[in-house]
Amino acid sequence: MRRQPYQPWLVILIYFLAALYLTAPIHNALASRFVGGAAGDVYGVARQVWWYKTALQNGDDVFEQSLLAYPEGFRAVRLWANPLQFFPMWLFAFLVPLPAAYNAGILLTLVLNGWSMYALARRKLGTANRFPAFVSGLVFIFFPTLQGHLLDGNVGMLAQWPIPLLILYLFEYADHGGARRFFSAALLFMLGALGNTAQVIYVLAPLALLFVLARLQRRDHLGALRATVVTLAGCAFLLLFLSPVLAYLIGNPQLIAADDQAHQSIDLLGLIRPSFANPFWGNIVSSPQRFLETDVGGNASYVGVIGGFLALLGIFQRREARWYLLVGFVAWLLALGPVLQVNDRVLVGSIGGYQAVLPLPFAFLMGLPISEIARTPAHFIVLFAAMFSLLVGFGVAVCHSSQLIQRRGRYAQIFIAAIFVFALAEDYKLFGVFPSLPAEIPREIQNLRRRRDIEAVYNVPYDDTQAVKEAMFLQTAHAKPMIAGQGARTTTVDRARLALLAKFRPSLLQEAGADIVIINKERALESGQLDLLHWRAQQGLGEPLFEDQRYIVYETPLRRDRAPAVYSPIAEAQSHVTYIYKEQPGWLEFNVVLEAVNRRVHLSLNDTPLETLLVNGRIPLSIPLPMARRGYHSLRIAPDPPCPERIDTSVLQCQRVTVEDVRIEVLSDGAIYDPIRIADGIILAGYLLPEEADGELIKIRFWWRFEAGRSEKDVRFVHVLDENGRPVPESPPDHNFGTIPAGSELTETVTLDKSKLEAGEYRVLTGWYELPQAIRYDVLTEVEGAQDDTVVLGAVRIRD
């Protein structure tokens, strides 16, 4: 490439052609398919792009997801925090169909990645020829890690073009100063985190730290100071931009939750392991099953045969390449994660007869608060990709300046360069044909947009991440509110509500406003739910409106019968949860059989601790459940401590808790929450006392709440008085519940044997006292019996 006025545009054109080649054959279906894989976030991003356009057209708040999690909606902080995840796609969506807008945004991002690396390499490779810089940009486009983010639809992590420009301006400002360079570097620092905020940890922090340390090592204190100041300024700009998001999260701390994605790291052999789906390497490798499936995702770290050789050549021949090697090595070391993995297995050694793993530097970072943000150390490999691209450029510069190339004619050099570029690209490709997803939506679903009698749509499976993303994409056609939906990886909708609506009870669907139910057949089949969902739909919803190979669409029938209670027990990885719907406030009886070997079990109702018990063997359990409000509730049974997520069963066995025979019985309907306060933070939140004995046992249910902790000195009593006011010998024994932490709740059932009581009316009262003096706690609420430090619950009549 000689110096010509058109050369910068020629480079951009070639990068565009390279992006088309990488994503082929999407250029033949720009308006009908999305480039990306089925297991990624492509459909979710496409839906958000559609929402940008729709909200702006209708004058709605873009950052308020009113069509998801109906009817509450939620604040879409991700749309504000990560604008490069969706821009300029939503701008293109005003001009072209949604798939074309998405694909155009991907192609533009790839071209910008290459061009920004080309601009950096032009300054840093120390050669007047543009070809080495061009190769650096090409490597940055084709590097497997970035292809993996493209495959996953992780557009925010794909948009790395600010990083090379930031490196360029860091050098410029550290060396020469100047206000324009300062603001350019600070703004580029901020832009580097606007595709994914976690980039601050994965890329920006290690890059800035190593840059400052390199300046200090050279005794360039002014340059180190300038780099520090510009980094702090970039952080300030970023915090200023994110201030609305931070203010919202501080006001809603329940939304600050750890990502449920497992820690992902690269394999030690990933540097030399190509993709098994590569058309060249896939035919050579005899055992492609050895390769990790994740190696075709966002943690692919293959450096290539040609690229690896050129990088080594640049490292040994060009001294100025050493700093980029250091940064790349640190990024690669962090990307290995907390423990070393070799060939898809954690490397385990033996020390003194005990097995041990080899900890890596990232393990020390896991103890810091940032560990809950940086849960995917494989993302550090993005910084490695940028540094490696420059190292390849250094190697190309060395080769280009050699006599072997220089003494060749111009056309011979062009031919060699073309062959080299083609081989380099083929070596890096993850796929011979890059995957893509269909954008076609059945016309029958599109026609739902015209129906004004539809309030909302309920999609199942509700608990499959990909099914939820496809459901969100269907919304771009029918434009109706969705009962579910999510802004990141989890939904804000109550899981109890989603689970019980999946029973397809028309009364529940009508109350939720779900006039249309759509079953994703493919995803339901993958999760083993299709037959169950199909049977439930036939029983509750009747014949479908529409069915094809992918979807079944039902309309909720109008029915007036309403069940007083509906429940659904579900076994999860670490616990067992029963989702409950109660039509009216009231009492339920929860019956279950638990089986375990000497395991402590916690029961909680709506995330409030309810009871703790020791299970040793097979025991039946029956506890009263107070439902103070109508609607959805969750009862969770969890062992303490929980079993580890990863366990070698040949070395260690974890005793789990078996939950069987879950049954729920409705005891009463009507308001039950009428708190009676007792001294020292004891509250009788509710109780259920039968007016007449029905059966051999009289069961009295209590619902206690504790604002302060309780100890073994605190004793609850229940006294039964006859018609003359004298205690009967058959009164239940006093009971202490042991240690109870503050903020807990407790329910209990106290029984009286009817056969031991004569006919007549008996008054029942309760209260608490403290040992050893047995002094009763004052009853603070003005109720019957309060003057005697008791609560009179009422009377029970026993007939002959």
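Evaluate the distance, in nm, between pseudo-label points positioned 7 Å from the Cα of ARG123 and of GLN57 along their respective Cα→Cβ axes.
So the label points at ARG123 and GLN57 sit 4.2 nm apart.
Which whole-number percentage describes the relative contact order of the chain, with Cα contacts under 8 Å and a sequence gap of 6 or more?
Across the chain, relative contact order equals 10 percent.
Can you tell me the alpha carbon radius of gyration of the stretch 538-688 divided by the globular rule-of-thumb value 2.2 N^0.38 Å? Write out the running numbers ahead of the final one.
Numbers: Rg = 19.7 Å, N = 151, 2.2 N^0.38 = 14.8 Å.
It is 1.33.
Straight-line reach from LYS754: which lysines fall under 24 Å, measuring Cα to Cα and dropping same-chain residues less than 8 apart?
Those lysines meeting the cut-off are LYS699.
Quick one: if you stick a label point 7 Å off each Cα along the C-beta vector at SER527 and ARG559, how many nm between them?
2.3 nm
Taking 0.36 nm per intervening residue step and subtracting the Cα-Cα distance, what contour gain separates LEU365 from GLU707 on full extension?
Contour length minus Cα-Cα distance gives 119.4 nm.
When all C-alpha to C-alpha distances in the stretch 711-800 are sorted into bins of 5 Å, what percent of pairs does each bin hold, rounded to whole numbers?
Spelled out bin by bin, the stretch 711-800 gives 3, 12, 21, 22, 20, 12, 7, 2, 0 percent.
For the stretch 11-116, report the % of Cα-Cα distances exceeding 16 Å.
61 percent
Accessible area of GLU444, 1.4 Å probe, to the nearest 10 Å²?
90 Å²
Over 26 Å between Cα atoms, which of LYS53/LYS503; LYS53/LYS480; LYS521/LYS582; LYS480/LYS503 qualify?
LYS53/LYS503; LYS521/LYS582
Only sites in a loop by DSSP and with at most 12 other Cβ atoms within 10 Å count here; which trypsin sites (Lys or Arg not before Pro) in the stretch 704-778 make the cut? Could the numbers behind the result be given before it?
Details: sites: ARG705, ARG710, LYS713, ARG716, LYS754, LYS756, ARG763, ARG776; in loops: LYS713.
Passing both the DSSP loop test and the Cβ count: LYS713.
Starting from 0 in steps of 10 Å, tell me what percent of the Cα-Cα pairs of the chain lands in each bin.
2, 11, 18, 20, 17, 13, 9, 5, 3, 1, 0, 0, 0
At q = 0.11, 0.17, 0.24 Å⁻¹, work out log10 I(q)/I(0) for the stretch 395-505 with the Debye formula, treating every Cα as an identical point scatterer and leaving solvent out; two decimals please.
Here log10 of I(q) over I(0) equals -0.58, -0.91, -1.30.
Quick one: ranking GLU547, GLU611 by accessible area, 1.4 Å probe, largest first, what do you get?
Sorted descending by solvent-accessible area, the residues read GLU547, GLU611.
Taking Cβ-Cβ under 4.7 Å as the only way to count a partner, pick out the unpartnered cysteines of the chain.
Within the chain, the cysteines lacking a partner Cβ under 4.7 Å are CYS235, CYS399.
Can you sort MET190, MET627 by solvent-accessible area, 1.4 Å probe, largest first? Mind showing how you got there, number by number?
Working: MET190 30, MET627 0 Å².
Order by accessible area, largest first: MET190, MET627.
For the stretch 412-549, what does the accessible surface come to per residue with a 1.4 Å probe? Please give it in Å². Could the numbers behind the result be given before it?
Details: 5970 Å² over 138 residues.
Value returned for the stretch 412-549: 43 Å² of accessible area per residue.
How large, in percent, is the carbon and sulfur part of the accessible surface of the stretch 543-600 at a probe radius of 1.4 Å?
Numbers: 1370 of 2810 Å².
Whole-percent figure for carbon plus sulfur exposure: 49.
Apply 1/(1 + (r/R0)^6) to the Cβ-Cβ distance of HIS602 and ALA418, taking R0 = 56 Å, and write down the FRET efficiency to the nearest 0.05.
Computed FRET efficiency for HIS602 and ALA418 comes out at 0.25.
Can you tell me the orientation of helix 162-176 relative to the chain, as the angle in degrees between its alpha-carbon axis and the longest Cα principal axis, to the nearest 10?
With rounding to tens, the tilt is 60 degrees.
Largest first, what is the accessible-area ranking of PHE87, PHE74 with a 1.4 Å probe?
The ranking, largest first, comes out as PHE87, PHE74.
Under a plain spin-label model, where a point goes 7 Å from the Cα along Cα-to-Cβ, how far apart in nm are ALA29 and VAL783?
Using points 7 Å along Cα→Cβ, the separation is 6.7 nm.
For the stretch 117-243, count all C-alpha to C-alpha pairs, find those more than 24 Å apart, and express that count as a whole percent of the total.
Numbers: 2538 of 8001 pairs.
Distances greater than 24 Å cover 32 percent of the Cα pairs.
Provide the per residue accessible area, probe 1.4 Å, for the stretch 665-764, rounded to a whole number of square angstrom.
In whole numbers, the stretch 665-764 has 51 Å² accessible per residue.
The values are calculated or read from the model by the stated rules, or taken from the named source; none is laboratory data. Just so we're clear, the structure is a prediction, and the values are computed from it rather than from any experiment. When we count neighbours, we look across all protein chains shown, and the Cβ atoms used for this are built from the backbone with ideal geometry, even at glycine. Keep in mind that these areas ignore ligands, DNA and RNA; they rest on the heavy atoms of the full protein, side chains included. Shrake-Rupley method; radii C 1.70, N 1.55, O 1.52, S 1.80 Å.
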